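Undergrad: The structure follows.
The values are calculated or read from the model by the stated rules, or taken from the named source; none is laboratory data. Bear in mind that the values here come from a model prediction, so they are computed numbers and not experimental data. Positions of Cβ are generated from backbone atoms using ideal geometry, with glycine treated the same way; all protein chains shown enter the neighbour counts. Surface areas here come from the heavy atoms of the whole protein model, side chains and all, with no ligands, DNA or RNA. Shrake-Rupley method; radii C 1.70, N 1.55, O 1.52, S 1.80 Å.
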Amino acid sequence: MAEQTVKLTIDGKEVAAPKGMNLIEAAKLAGIEVPHYCYHPKLAVVGNCRMCLVDVGMPKMGLDKKPEIGPDSKPVIMFGPKLTIGCNTSVAEGMVVHTRSPKVIKAREGVMEFLLINHPLDCPICDQAGECRLQEFSVDYGKGQSRFVEEKVHKPKKTEIGPKIMLDDERCILCSRCVRFMRDVAGQDCLGFVNRGSYSTLTCYPGMEPNTNYDLNITDICPVGALTANDFRFKQRVWFLKETKSVCPNCATGCNTVLWSREGVVHRQTPRDNDAVNQCWMCDSGRLHYKFINDPHRITTPTVKSSAMGERLALTWPEATRQIAEKLMPLKGKGSTIAAIGTARATTEELFLFNKLMREILGAELVDCVPHVGEADKFLLDADRNPNTNGAKLTGVAGEPIGSRIPAIAEAIKSGKIKTLIVHGENVVKYGVTEELLAKLDLLVVIDTLPNKVTELAHYVLPGATFAEKRGTFINARNRLQRLNAAIPSPGIARPEWQTFAALLNELGGDGGYLTIEDVFADMARLLAPLAGLNLSKIGDLGVELKPATETKGEAKTESTAAAGAKT
Amino acid sequence: MALNVPTELEQHIDEVITHYPQQHKRAAVLWLLHLLQEHFGHLGKEQVEWTATKLGLQPINVWELITFYPMFTAKPRGKFHIKVCRTLSCELCGCGGILERLQRKLGVKPDENTSDGLFTISTVECLAACGTGPVMMVNDELFENLTPDKAEAIINRIKTTGKLEPQPLPPVLPAHPLEKRVLLANMSKPGYKGAIEDYIREGGYKALPKALGMKPEEIVAEVKNSGVRGRGGAGFPCGMKWSFLAKGAGQPIYLVCNADESEPGTFKDRQLLHYDPHQLIEGILVSCYAVGAHAAYIYIRGEMPYGAKILIRAIEEARARNFLGKNILRKGFDCEIFVHRGAGAYICGEETGLIESLEGKRAYPRIKPPFPAVVGLFGCPTVVNNVETLSNIPHIINNGAAWFRGMGVPGSTGTRLVCVSGPVKRPGYYEFEMGKLTMRQLIYDLCGGLQEGRQLKGVVPGGSSMPVLKADQIDVALDFESLRKAGTMAGSGGVIVLDDTVDIVQSTLNVAQFYAHESCGQCTPCREGTLWMEKMLHRVKHGHGRPEDVDLLWDVADNVDGKTICPLGEAVAWPVKAFVTKYRGEFEKACKKNGKEATDEHR
């Protein structure tokens, strides 16, 4: 059904906007910024900052209820005596809006000045500097000088509100975004204003600080430096950081994110707008999960266990690939002695190559991924803590249900049937493949980013790359294909796993020839029906929703493709 | 639960909660806090948490209110809380001397408790008794026409007797021949006490049965035809307001009586509430029937505790005679009226601030649209009318729209209650036909002119938020249109007279201080601009003005004017701009006084 649109004029530009849209959003359509603080597209409109005041006129209606036409043969426009806030004004047919008239400019300069008179001049030590709306709008819409010579109002500074957030009340402009978010979105009515007038102060009741898994979102939506995240506070100046669009790997929701990095270190992760996935929010557990990237114990180089010394010897990649391929080559055609445990935390591309290597080249039958299940909340956090279960299913790595073949793998190792195990990114000791079982293996090859019991026992350990260090895709719980981008290089000579799998495929006589991630995707799109016609560019920053396999044309290569149906 | 709330008190609280819809029991929070504070003396952690649990709220929701409404206190106060009004009319009449004397006498600063725990002195904003200023309240008792000596004597008496004696209501002022008393008619009669018998004896409760025999839309039409305009301040036609109600949405409709009289200079509703409550109650009942409401709330300002008691008693008297309750006068109409007490916030006079406050929140005025007629109290269509407006309704029903229109002038029909305060010989309240008298007649005839030896300097015609008229502008007729043409407004009918001894800069400071204190703090221009103006004027007043401050003051006011969520922005901007424009010389002189830069002391 076509949306009803209305035509209006904003700063002389004709705009067609959907009925019901407010003037801030409509102006955005025309590329015009209406500055605002309290308005947030995902929160209730309160209209308290008064920054979005605009001049709104409507056609004067004649007695025939048609717009009266003036001498310039245009409709006569009647402007109200007062300015109107854009956030609470809906578009209307024939409306004329001025966002830059002298009247609007004066009002805006006035509001800017008011916001600054009691604001501390602590920008040099404020962590919001560089992403502060007060700074930005001062430059764009302020007068550049203060006429205020009185004593400022003083309020509490450096108040911990819960373990995650620091509140500076002097910087707060009382826009109430955080209050509305905690009450209406996070579901914890814990923030409020005390006192009155210019002395109004944001606070929470003692002992009842924010304690949801979404608290840190208020540090994102705070337009000033009043609410800052303890995790990021004083770590970096934001203007030094590189922004990389990414996807949170902490659960199957796949919240869109930005990774903020500098010189190879990720300093924070923040949510990125995507209405089809996470609106503009993310959970705190997902947000703070990035820290493992910077773990000092990261595996940085391929190693082989030296049988003589019980120590690990570093290998170059070509040497590691050659040695492992040498060990695997004789096993081709003896698939029943090989098992492989992949990970649904890997990219679809990695899973695709993993599947190809294990099943098609080596002929392994016992291949699966480890399920990670937690508690779902009613908002963003999915019970499935794997970010790419649907990718693991689509590529055929995962059992149905995921993990169902793990007991069989353990059993087959125990019985001596399986002599070779390849593990990617999972501490399988925790999931039934015990240390005793691993010790029985003739060959244990592990690809991982951090050391654990499995890497300790492995004959070969190959360093992997975290989600922040590689390109590739995840398919989320709603069957949405989303793209990762490399924000930082991997430590040492660690590299994205798809390169490792492609190298092994080459050595083992697969016809791979995968030189780039695009090559891998192209092959995958050729073979897996739901991906038909796609490539990494087409996915875009917001991802694409995959059609269930039954609705797609072309042949489904693996039987588990059909299982990749949308999870609701 | 840690807090020991006596059974009787809890029963009372539980009863109060039933005055509000079950899913909106939060609305009872101000009542609860009043009751708990009366019992415990203050509202600390235990009281906050007890209240939150009782009403299904978070403690922060309650804490937000205690710090918003000045009548509540988190810390124990003295047994006798002395509240000295510091607002304009009382200042003009010398309240400063009273505060000074009491502080000296008791040896405490404002908001400090005396060491014996007996007294706390606070300054408060307008107590709506401006005609008898200076005034102060001690706990629930109002003391009027004070002098420092009188104030000291009151304290001495409390100290000696250890108790506070109830103060009688002062006698009703006699009518001046130029007045036409309609709303004040009953109370002006000898022996009239405002009880239901008195009201009925004088012909009361005749409009109600008559109205119940009419169709609601006929009543709305009659009120529309009468031309009665809202008496609260904005002067919006009452009948038109009623006709905007969004009916038929399956939601209940509410009528709210705005009895939060708090515009400085205004004390008319005080008379109507205290002396003739049934006139108001009958007006509310008729209006409820007309608009289809079955429940009405009277939001009475917290500083009128007796008014609340009088109304509650009157409601019970009316119920006993089946004027109120179920199946009123066996005409099948049900209607309840509940009294809701405010707690000291001027902003509750703004209708959407009032609604938020009534819902148990900080009185943050709402952005419009939607208007209360569509989304009002508890999200339902709501009409909010002033006490004086509603008190007119029985008369319109009894006598007809034509009779009402016959009084006053076109556009300003009926009578108006006008309150006069400041240095005139006979300050007080007067009722006369709108447009039939000029400001000059009001000041010089009705009020008997200025006090001996004083000359008129200016007059604020409609509460302190309205632009001042200079002494040569007073030949203006007192009706909505004439005052508008004179560049001001009829407002709330509070006339504040300024004489030649008045320091305009000081008066402007007083006004700015009032609005800075009363700004709810929700929207930027008012929150920041009001206090800025107060600070600037304070500095100028203390001799540290700079020549540029005159224009700066005007411009700050201009940056507030029309930019805010509610009319409080205009309420502060208009008087400041008018004072600066009309008495510019005084400001220039004050700013030049010693020409030196502001020092740290007075910044």
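Undergrad: Which residues, if any, in the stretch A:76-112 lose at least 40 square angstrom of accessible heavy-atom surface (probe 1.4 Å) when the other protein chains sit next to their chain rather than the chain being alone?
TA: Buried by 40 Å² or more upon assembly, which counts only protein chains, are A:Lys82, A:Asn88, A:Lys106.
Undergrad: Interface size between chain B and chain A, please: total buried accessible area, 1.4 Å probe, rounded to the nearest 100 Å².
TA: Values: alone 23350 and 25850 Å², together 45290 Å².
Summed over both sides, the interface buries about 3900 Å².
Undergrad: Within the stretch B:99-124, name every residue whose backbone N is under 18 Å away from a label modeled 7 Å from Cα of B:Lys159 along the Cβ vector.
TA: Only B:99-122 fall inside the zone, counting backbone N under 18 Å.
Undergrad: Over 30 Å between C-alpha atoms is what I'm after, so list which of B:Lys163/B:Lys189; A:Lys164/A:Lys393; A:Lys332/A:Lys414; A:Lys356/A:Lys414; A:Lys332/A:Lys453; A:Lys103/A:Lys152 land there. Show your work: numbers first, answer last.
TA: Working: B:Lys163/B:Lys189 34 Å; A:Lys164/A:Lys393 36 Å; A:Lys332/A:Lys414 22 Å; A:Lys356/A:Lys414 26 Å; A:Lys332/A:Lys453 28 Å; A:Lys103/A:Lys152 28 Å.
Over 30 Å Cα-Cα: B:Lys163/B:Lys189; A:Lys164/A:Lys393.
Undergrad: Please calculate how many Å² of accessible area the stretch B:280-372 carries per residue, with a 1.4 Å probe and no DNA, RNA or ligand atoms counted.
TA: On the way: 2740 Å² over 93 residues.
Accessible surface, normalised per residue, equals 29 Å².
Undergrad: Same structure, new question: In the stretch B:475-508, which residues have a backbone nitrogen under 11 Å from the label point lying 7 Å from B:Lys589's Cα in the Cα-to-Cβ direction?
TA: Inside the label zone: B:501-505.
Undergrad: Regarding the stretch B:192-298, what is the average projected area of its C-alpha convex hull, in nm²?
TA: Working: hull surface 30.1 nm².
One quarter of the hull surface, i.e. the mean projection, equals 7.5 nm².
Undergrad: Classify the stretch B:432-568 as rounded, prolate or oblate from the Cα gyration tensor: take a ≥ b ≥ c as the square roots of its eigenvalues, call it rounded if a/c is under 1.5, otherwise prolate when a/b beats b/c and oblate if not. Intermediate results must be reported in sequence, preceding the final value.
TA: On the way: a/c = 2.45, a/b = 1.49, b/c = 1.64.
Taking the square roots of the gyration eigenvalues as a ≥ b ≥ c, the stretch B:432-568 is oblate.
Undergrad: Are there trypsin sites (Lys or Arg not before Pro) in the stretch B:323-415 that DSSP puts in a loop and that have at most 14 other Cβ atoms within 10 Å, and which ones? Write down the numbers at each step before the final one.
TA: Values: sites: B:Lys326, B:Arg330, B:Lys331, B:Arg341, B:Lys361, B:Arg362, B:Arg366, B:Arg405; in loops: B:Arg330, B:Lys331, B:Lys361, B:Arg362, B:Arg366.
In loop regions of the stretch B:323-415 (DSSP not H, G, I, E or B), the sparsely surrounded trypsin sites (Lys or Arg not before Pro) are B:Arg330, B:Lys331.
Undergrad: Further question on the same structure: How much accessible area does B:Leu88 have with a 1.4 Å probe, in Å² rounded to the nearest 10?
TA: 0 Å²
Undergrad: Let me ask something else about it. Which peptide among B:495-501, A:349-355, A:229-235 comes first, and what is the full order, when sorted by highest mean count of other Cβ atoms within 10 Å?
TA: Working: B:495-501: 22.9, A:349-355: 29.9, A:229-235: 16.0.
Listed from highest to lowest mean packing, they are A:349-355, B:495-501, A:229-235.
Undergrad: How much of the accessible area of the stretch A:303-567, probe 1.4 Å, is carbon plus sulfur, in whole percent? Walk me through the numbers before you get to the answer.
TA: Numbers: 5680 of 10790 Å².
Ligands and nucleic acids excluded, carbon and sulfur reach 53 percent.
Undergrad: For a Förster distance of 41 Å, can you work out the FRET efficiency between the beta-carbons of B:Ala221 and B:Lys425, rounded to the nearest 0.05? Show your work: numbers first, answer last.
TA: On the way: r = 44 Å, r/R0 = 1.07.
It comes to 0.40.
Undergrad: Hey, another quick one. So for the stretch B:80-161: antiparallel DSSP bridges make up what percent, rounded to the nearest 5?
TA: Working: 7 of 13 bridges.
Once the DSSP bridges in the stretch B:80-161 are tallied, antiparallel ones form about 55 percent.
Undergrad: Run the accessible area of the stretch B:461-603 with a 1.4 Å probe and give the carbon-and-sulfur part as a rounded percent.
TA: Numbers: 2290 of 4560 Å².
Its accessible area is 50 percent carbon and sulfur atoms.
Undergrad: Further, regarding this structure: Suppose we look only past 19 Å in the calculated P(r) of the stretch B:408-499. What percent of the Cα-Cα pairs does that tail hold?
TA: Details: 1175 of 4186 pairs.
Here the long-distance tail beyond 19 Å is 28 percent of all Cα pairs in the stretch B:408-499.
Undergrad: On average, how much accessible surface per residue is there in the stretch B:7-68, in Å², for a 1.4 Å probe, leaving out ligands, DNA and RNA?
TA: Working: 2570 Å² over 62 residues.
With all protein chains present, the stretch B:7-68 gives 41 Å² per residue.
Undergrad: Considering protein heavy atoms only and a 1.4 Å probe radius, which residues within the stretch B:49-71 exhibit an accessible-area decrease of no less than 50 Å² in the full assembly relative to the chain by itself?
TA: B:Ile60, B:Thr67
Undergrad: Enumerate the residues in the stretch A:1-27 having an amide nitrogen under 19 Å from the point lying 7 Å beyond the Cα of A:Asp72 toward its Cβ.
TA: A:8-15
Undergrad: Around A:Pro489, under 13 Å between beta carbons, what's the net of Lys plus Arg minus Asp minus Glu among the other residues? Before the final figure, lay out each step's value.
TA: On the way: positive: A:Lys242, A:Arg262, A:Arg298, A:Lys470, A:Arg471, A:Arg495; negative: A:Glu263, A:Glu469.
Spelling it out: positives minus negatives among the neighbours equals +4.
Undergrad: For the stretch B:196-405, what does the alpha-carbon gyration tensor say about shape, rounded, prolate or oblate, given a ≥ b ≥ c as the root eigenvalues, a/c under 1.5 as rounded, and a/b over b/c as prolate? Walk me through the numbers on the way to the answer.
TA: On the way: a/c = 1.40, a/b = 1.17, b/c = 1.20.
Because its axes are fairly even, with a/c under 1.5, the stretch B:196-405 counts as rounded.
Undergrad: Return the loop-located trypsin sites (Lys or Arg not before Pro) in the stretch A:406-512 (DSSP other than H, G, I, E, B) with at most 11 other Cβ atoms within 10 Å of their own Cβ; answer none if there are none. Intermediate results must be reported in sequence, preceding the final value.
TA: Details: sites: A:Lys414, A:Lys417, A:Lys419, A:Lys430, A:Lys440, A:Lys453, A:Lys470, A:Arg471, A:Arg478, A:Arg480, A:Arg483; in loops: A:Lys417, A:Lys419, A:Lys470, A:Arg471, A:Arg478.
Passing both the DSSP loop test and the Cβ count: no residue.
Undergrad: Additional query: At 1.4 Å probe size, with the rest of the protein present, what percent of the exposed accessible area of the stretch B:25-122 is carbon and sulfur atoms?
TA: Working: 1770 of 3670 Å².
Carbon plus sulfur share of accessible area: 48 percent.
Undergrad: Right, next: Considering only DSSP beta bridges where both residues belong to the protein assembly as shown, give the percentage that are antiparallel (nearest 5).
TA: Details: 78 of 123 bridges.
Among the beta bridges of the protein assembly as shown, antiparallel pairing accounts for roughly 65 percent.
Undergrad: Which percent of the Cα-Cα distances in chain B go past 44 Å? Show your work: numbers first, answer last.
TA: Details: 27887 of 181503 pairs.
Result for the distance tail: 15 percent.
Undergrad: Another one. Could you compute the FRET efficiency for A:Ala92 and B:Glu481, with r as their C-beta to C-beta distance and R0 at 35 Å, rounded to 0.05?
TA: On the way: r = 31 Å, r/R0 = 0.89.
Efficiency computed from Cβ-Cβ geometry: 0.65.
Undergrad: Another one. Rounded to the nearest 0.05, what FRET efficiency do B:Met214 and B:Val374 have when you use their Cβ-Cβ distance and R0 = 22 Å?
TA: The pair B:Met214/B:Val374 has a calculated efficiency of 0.30.
Undergrad: Checking buried surface per residue: for the stretch B:537-579, which residues lose a minimum of 20 Å² accessible area in the protein assembly relative to the chain alone (1.4 Å probe)?
TA: B:Arg539, B:Arg546, B:Leu552, B:Asp555, B:Asn559, B:Gly562, B:Lys563, B:Ile565, B:Glu570
Undergrad: Given the Cα-Cα distance of A:Lys152 and A:Glu518 and 0.36 nm per residue of separation, how much length would full extension add, in nm?
TA: This chain segment gains 125.9 nm when fully extended.
Undergrad: Only Cα pairs under 8 Å and at least 6 apart count here; give the relative contact order of the stretch B:417-549 as a rounded whole percent.
TA: Numbers: 210 pairs, mean separation 29.5, N = 133.
After rounding, I find 22 percent.
Undergrad: Something else: Between rounded, prolate and oblate, where does the protein assembly as shown land on the alpha carbon gyration tensor, with a ≥ b ≥ c its root eigenvalues, rounded for a/c under 1.5, else prolate if a/b exceeds b/c? Write out the running numbers ahead of the final one.
TA: On the way: a/c = 2.37, a/b = 2.30, b/c = 1.03.
In terms of gyration-tensor shape, prolate.
Undergrad: Return one whole number: the accessible area per residue of the stretch B:115-164 in Å², for a 1.4 Å probe. Don't skip to the answer; put the middle values down first.
TA: Working: 1930 Å² over 50 residues.
About 39 Å² of surface per residue is accessible.
Undergrad: Suppose only helical runs count, i.e. DSSP H with n ≥ 4. What mean residue ellipticity at 222 nm does that imply for the protein assembly as shown under -39500 (n - 2.57) per run, divided by all residues and rounded to the nearest 500 deg cm²/dmol?
TA: Values: 38 runs with 358 residues, N = 1171.
Helix contribution divided over all residues of the protein assembly as shown: -9000 deg cm²/dmol.
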